[in-house]
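Presented below is the structure to which this report refers.
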Amino acid sequence: MFYLLAAIWDNIKDILWNAFNRPRIIDVLDIVFVAFLLYYVILLTRQTRASAVLKGFLFMLAASWISGLFGLVSINWILMSILNNGAIVLLVIFHPEIRKALEQLGRGAKINNVRKDSETDKRRAMDEILQSIINLSRRKVGALVVLVQKVGLQDIIDGGIRLNADIHASLLENIFEPNTPLHDGAVIIQDGKIAAAACILPLPEGLGISRDLGTRHRAAIGISETTDATVIIVSEETGIISLARSGKLTRHLDTASLSAILSETLLSTRYTRFYTFISLSGLGKKRGKEA
């Protein structure tokens, strides 16, 4: 054990000595350039689904360095094998996001700061969303509303119709009104704004999805599988309100449970998780074919 700690300490001393005693001007410029590049990549991807994958990739990179430092040969070999092949896999999976990021880099696009809302603004937005969903349910008008959490959906927003509008119940109801240009697709709510409408969501990859579910519900499950978004669905056939989160669908929401979910999602209150569980546990078990 003593020899292992001594070897680790010698390794750390070598790294520190090389970092502070041997760098040339070109080395300093190289480090600064790489740091700026990484910072810019993080800014470009923080509002997209690729941000979560990037964080996982950086975590594995740090884990591989630590495993090599402690002499964990097997773990280090596994992590390095994943990292060596993972870069190619990331390029294949996220080539649309990478292309858009490079286009923004070429245009010199500005990175928008995340908007911070007050507690009053969040509560007003929650009330407006709740009112619109209840009204749409009563009128049996289909709706699909995505509440963005930590994982951004900028790539999906860019594929829809950009609105960047304040949240109002009348506006949400008008968007989903049948036979209007924006009614077909999802509404994305991000940073206290209606970011976009008529957005196309990815369908779920799993094979265990009930055939009774229509495209709207499948799309909600699909986006909730790959992100931490909370998705609210209103059936146009029955008016039933449903919730998709973490790839799971909860049906037959009432006003109380929907209010608790919106409060938990938008207000981040402390005690709503228990209330949401109590509300959802008493929901009906009926299943019907919905669009």
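The values are calculated or read from the model by the stated rules, or taken from the named source; none is laboratory data. All figures in this text were calculated on a predicted structure; none of them were measured in a lab. Please note: Cβ atoms are built from the backbone with ideal geometry, for glycine as well, and neighbour counts cover all protein chains shown.
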Would a scan of region 9-20 turn up a residue that is within 30 Å of Pro202 (Cα to Cα), modelled with pLDDT of 65 or more and not basic (Lys, Arg)?
no
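For (1) free of Cβ contacts under 8 Å to residues at least 40 places away in the same chain; (2) buried (at least 16 other Cβ atoms within 10 Å of the Cβ); (3) farther than 23 Å from Ile240 by Cα, each residue gets a yes or a no:
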| position | (1), (2), (3) |
| --- | --- |
| Gly160 | no, yes, yes |
| Ala169 | no, yes, no |
| Glu173 | no, yes, no |
| Glu177 | yes, no, no |
| Gln190 | no, yes, yes |
| Gly214 | no, yes, no |
| His217 | no, yes, no |
| Gly222 | yes, yes, no |
What's the number of the only condition in (1) without any contact (Cβ under 8 Å) to a residue 40 or more places away in the chain; (2) more than 16 Å from Leu147 (Cα to Cα); (3) of a type outside the set (Phe, Trp, Tyr) that Ile194 fails to meet?
(2)
For region 145-201, enumerate the residues that are at pLDDT 90 or above, within 14 Å of the chain's Cα centre (by Cα) and part of a loop (DSSP other than H, G, I, E, B).
Val148, Leu201
(1) touching a Lys or Arg at 6+ places or on another chain (Cβ under 7 Å); (2) surrounded by fewer than 22 Cβ atoms within 10 Å (Cβ to Cβ) all hold for Ala196 apart from (2)
Leu44 - would you say it is assigned to a helix (DSSP H, G or I), under 37 Å from the mean Cα position of the chain (by Cα) and modelled with pLDDT under 65?
yes
